[in-house]
Structures are given as structure tokens and as C-alpha cells.
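Q: I'd like to ask some things about the structure below.
Nothing in this text is a laboratory measurement; each read-out follows from the coordinates by a stated rule. This one's a predicted model, so the numbers in the text were calculated from it and none came from an experiment. Positions of Cβ are generated from backbone atoms using ideal geometry, with glycine treated the same way; all protein chains shown enter the neighbour counts.
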Amino acid sequence: MLHVVASCTGGQAIADPDVLVAAFRQADEERGRLEHVRVHVSRAGASGVLFLGGMVPDVALEYGRELFEKAVMCQPELAGWSLSHCALLSVA
């Protein structure tokens with residue numbers, strides 16, 4: 001399992017982190033690689049860790065970016081958000 005850490009900013013503040021978790025889950029429906037998501041939201045944006053299974057590090061990092069883009073497109077509440085940081089956290 002690989003852990004990808006990401007931060008995002010912009011758009012409207014989201015009070016409920018479950019909105020972002022649901023958006024990531026919906027974005028991953030096709031491939032089913034997202035095992036778990038941890039999200040923290042604040043007025044400044046959001047940060048979180050994506051737990052991705054069955055991928056090599058470079059692919060997991062790119063997939064983390066792809067998931068964010070899909071999540072923003074599928075949830076109107078995330079309009080205007082952009083990815084400010086995405087990096088591989090660890091290999092477990």
C-alpha cells in the first residue's frame with residue numbers, strides 16, 4: 001500500500017470533510033484502488049492522505065493527482081479548488 005499526501009486550496013471553504021471523502025470515493029469507482037482516505041479541512045483549504053493499493057510509487061502519485069482532478073469535477077462544492085501539493089508519503 002502507498003500513501004499519497006495532498007493539499008488543496010481555493011474555492012469555498014468546506015465544513016464537512018465527508019464531502020471531500022465522498023468525492024474521492026466517487027472518482028475512484030472505476031479502478032477501485034483507493035483503500036482509505038483521511039482528510040482535514042480548514043478555511044485555508046484541505047489536506048489529506050490517500051491510501052492506494054496495488055500500485056508502484058510513480059503510478060500511485062500520478063493516480064493521486066488524477067483522483068483530485070476527478071473529485072473536483074464531480075462535486076459542485078469543490079468548484080474553484082486546485083491541488084497545491086501532492087507527494088508520496090511512504091511505502092507500507
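Q: Placing +1 at every Lys and Arg Cβ and -1 at every Asp and Glu Cβ, with all other atoms neutral, what dipole size does the chain have around its Cα centre, in debye to the nearest 20?
A: Working: 7 positive and 11 negative charges, 39 e Å.
Magnitude of the dipole: close to 180 debye.
Q: Got the relative contact order for the stretch 2-91 handy, in percent, Cα pairs under 8 Å and 6 or more residues apart? Walk me through the intermediate numbers first.
A: Details: 174 pairs, mean separation 43.6, N = 90.
About 48 percent, as a whole number.
Q: Same structure, new question: For helix 57-74, what angle does its Cα long axis make with the longest principal axis of the chain, in degrees from 0 to 90 and rounded to 10?
A: Taking the Cα atoms of the chain, the angle to 57-74 is about 30 degrees.
Q: A further question on this structure: Counting only Cα atoms, I'd like the Rg/Rh figure for the stretch 2-91, Kirkwood definition for Rh.
A: Details: Rg = 11.8 Å, Rh = 12.7 Å.
Expressed as Rg/Rh, it is 0.93.
Q: Follow-up question, since we're still on this one. Could you state the angle between the C-alpha long axis of helix 17-27 and the longest principal axis of the C-alpha atoms of the chain, as a value from 0 to 90 degrees rounded to the nearest 10?
A: The angle comes out at about 50 degrees.
Q: While we're looking at this one, here's another question. May I ask you to list the GluC sites (Glu not before Pro) in the chain that are in a DSSP loop and have at most 13 other Cβ atoms within 10 Å of their Cβ?
A: Glu29, Glu30
Q: Exactly which trypsin sites (Lys or Arg not before Pro) in the stretch 1-78 are in a DSSP loop and have at most 15 other Cβ atoms within 10 Å?
A: Numbers: sites: Arg25, Arg31, Arg33, Arg38, Arg43, Arg65, Lys70; in loops: Arg31, Arg33, Arg43.
Answer by residue number: Arg31, Arg43.
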